[in-house]
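Asker: Sharing a structure with you now.
The values are calculated or read from the model by the stated rules, or taken from the named source; none is laboratory data. All values reported here derive from a predicted model rather than from experimental measurement. Here the Cβ positions follow ideal geometry from the backbone for every residue, glycine too, while neighbour counts run over all protein chains shown. Just the protein is used for accessible areas: all its heavy atoms, side chains included, with ligands, DNA and RNA removed. Shrake-Rupley method; radii C 1.70, N 1.55, O 1.52, S 1.80 Å.
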Amino acid sequence: MEDLEHHLQEVRDQLKNHPLYAQLESVEDIKIFMESHVYAVWDFMSLLKALQQHLTCTSLPWKPASDASVARFINEIVLEEESDFNELGEAKSHFEMYLDAMEEVEADTSRVMQVISTFTDLEEIFQQIENTDLDQAEKNFLQFTFEAINTQQPHIIAAAFTFGREDLIPDMFLGIIEQSGENGPSKYAKLSYYLKRHIELDGDEHGPLAVKMIKALCGSDVQKWEEVFHYSKKALERRIGLWDSIAKKLTENKDNLVDAL
């Protein structure tokens with residue numbers, strides 16, 4: 001794992017230091033960001049459910065998982081991601097909580113719901129993604145996710161699941177909300193709660209456990225570690241591509257605002 005992280009450091013630094021972060025200055029910027037980023041929130045669940053299928057028993061008759069500690073980790077994440085409690089104590093998936101937060105900042109949720117309604121099965125998913133009106137970076141991001149899932153290899157799916165997270169975003173968004181006026185945090189209560197929950201789970205629990213999962217899945221198998229490196233690097237590159245696309249949209253939006261003055 002130390003070697004893997006060392007070889008990924010350059011591309012991870014590119015993501016960490018992406019110019020997008022400097023462009024996120026207002027709630028309007030958050031709105032534009034969320035309208036593209038929502039696809040990364042949605043496809044995360046497909047990666048998670050693929051891992052649950054491979055690493056726990058979801059078929060009948062039931063049989064014990066090959067690694068109970070890994071199965072417990074996956075089941076815990078499924079519980080929290082698929083049926084967590086929102087700020088009102090209502091059970092909701094994190095994707096649904098994200099949609100609620102989008103509506104709170106007046107971002108468009110109809111597009112993502114229309115897009116995912118066209119996805120019906122894994123055999124047709126690549127063509128179905130291509131047929132959407134998403135921009136190329138969004139398509140590439142989703143195509144990669146299902147490329148990893150369709151390998152049917154848990155260590156590869158785990159690599160796509162673990163790497164390419166947007167670690168800087170929650171803290172940055174919270175700062176923008178707090179600076180948006182004295183009623184900012186209360187006005188955007190759903191988004192504030194989602195971001196704080198994201199920080200709590202990913203930083204304190206999910207991130208470190210995901211690394212342990214990869215170690216357990218690869219063991220001393222050199223080929224598996226090489227495949228994890230390949231897909232981890234690709235996950236980071238696809239995330240950078242998505243960030244590039246969002247940065248361009250933010251620039252265009254600000255240019256349009258200037259032209260309108």
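Asker: Nearest 10 degrees is fine. How inclined is helix 27-55 to the longest principal axis of the chain, computing both from alpha carbons?
Answerer: Tilt of helix 27-55: around 10 degrees.
Asker: Pairs of Cα atoms under 8 Å, at least six residues apart: use those to get the relative contact order of the chain, whole percent.
Answerer: Details: 260 pairs, mean separation 79.1, N = 261.
Reported relative contact order: 30 percent.
Asker: Right, here's the next one. Check cross-link reach from K31 to the lysines: straight Cα distance under 29 Å, and skip same-chain residues fewer than eight apart.
Answerer: K16, K49, K92, K139, K187, K190, K196, K233, K234, K248, K249, K254
Asker: Another question, then. Quickly rank 193-199, 74-80 as a protection proxy: mean count of other C-beta atoms within 10 Å, highest first.
Answerer: Details: 193-199: 18.6, 74-80: 16.9.
Those peptides, ordered most packed to least, come out 193-199, 74-80.
Asker: Might you work out the accessible area of T145 for me, using a 1.4 Å probe with all protein chains in place, and round it to the nearest 10 Å²?
Answerer: Solvent-accessible area, nearest 10 Å²: 10 Å².
Asker: For S83 and C57, FRET efficiency with R0 = 22 Å and r from the beta-carbon atoms, rounded to 0.05?
Answerer: On the way: r = 19 Å, r/R0 = 0.88.
Approximately 0.70, to the nearest 0.05.
Asker: Under a no-solvent Debye model with one identical scatterer per Cα of the chain, what's log10 I(q)/I(0) at q = 0.13 Å⁻¹?
Answerer: Log-scaled intensity ratios, in q order: -0.89.
Asker: In nm, to one decimal, how far is the E226 label point from the D3 one, both placed 7 Å along Cα→Cβ?
Answerer: Once both label points are built, they end up 1.1 nm from each other.
Asker: What shape does the range 1-88 have by the C-alpha gyration tensor, where a ≥ b ≥ c are the square roots of the eigenvalues, rounded means a/c under 1.5, and otherwise prolate means a/b greater than b/c and oblate the rest? Walk me through the numbers before you get to the answer.
Answerer: Working: a/c = 3.14, a/b = 1.54, b/c = 2.04.
Judged from the Cα gyration tensor, the range 1-88 comes out oblate (a/c at least 1.5, b/c at or above a/b).
Asker: Right, next: What net charge is computed for the residues neighbouring H94, neighbours being all others with C-beta under 10 Å from the C-beta of H94, Lys and Arg scored +1, Asp and Glu -1? Write down the numbers at each step before the final one.
Answerer: On the way: positive: K92, R197; negative: E80, E81, E82, D84, E96.
Summing Lys/Arg as +1 and Asp/Glu as -1 gives -3.
Asker: Helix 68-82 against the longest principal axis of the chain: what's the angle in degrees, Cα atoms only, rounded to the nearest 10?
Answerer: So the helix axis and the longest Cα principal axis differ by about 20 degrees.
Asker: Go ahead and estimate [θ] at 222 nm for the chain from helices alone: -39,500 (n - 2.57) per DSSP H run with n ≥ 4, summed, over the residue count, rounded to 500. Could you put the intermediate results ahead of the total?
Answerer: Details: 14 runs with 189 residues, N = 261.
Rounded to the nearest 500, the figure is -23000 deg cm²/dmol.
Asker: What is the calculated FRET efficiency for T109 to N150, with r their C-beta to C-beta distance and R₀ = 22 Å, to the nearest 0.05? Please report the intermediate quantities before stating the final value.
Answerer: Details: r = 28 Å, r/R0 = 1.26.
For R0 = 22 Å, the calculated efficiency reads 0.20.
Asker: So with the 1.4 Å probe, I'd like the accessible area per residue for the range 1-122, rounded to whole Å².
Answerer: Details: 6330 Å² over 122 residues.
Dividing the accessible area of the range 1-122 by its residue count gives 52 Å².
Asker: Considering only protein heavy atoms and a 1.4 Å probe, what is the carbon-and-sulfur percentage of the accessible area of the chain? Could you put the intermediate results ahead of the total?
Answerer: Details: 6620 of 13220 Å².
That fraction is 50 percent.
Asker: Among residues other than A107 whose Cβ falls under 9 Å from its Cβ, what is the net charge (Lys/Arg +1, Asp/Glu -1)? Please report the intermediate quantities before stating the final value.
Answerer: On the way: positive: K31; negative: E35, E103, E104, E106, D108.
Local net charge: -4.
Asker: Shifting gears a bit: Quick check: net charge around A216, other residues with Cβ under 14 Å of its Cβ, Lys/Arg +1 and Asp/Glu -1?
Answerer: Values: positive: R72, K212, K215, K224; negative: D67, D221.
Once all neighbours under 14 Å are counted, the net charge is +2.
Asker: Where the centre of each part is set by its Cα atoms, how far does the range 36-99 sit from the range 103-133, in angstrom?
Answerer: The range 36-99 and the range 103-133 have Cα centres separated by 20 Å.
Asker: Note the angle between two axes, namely the Cα long axis of helix 222-260 and the longest principal axis of the Cα atoms of the chain, as a number of degrees from 0 to 90, rounded to the nearest 10.
Answerer: Approximately 10 degrees, to the nearest ten.
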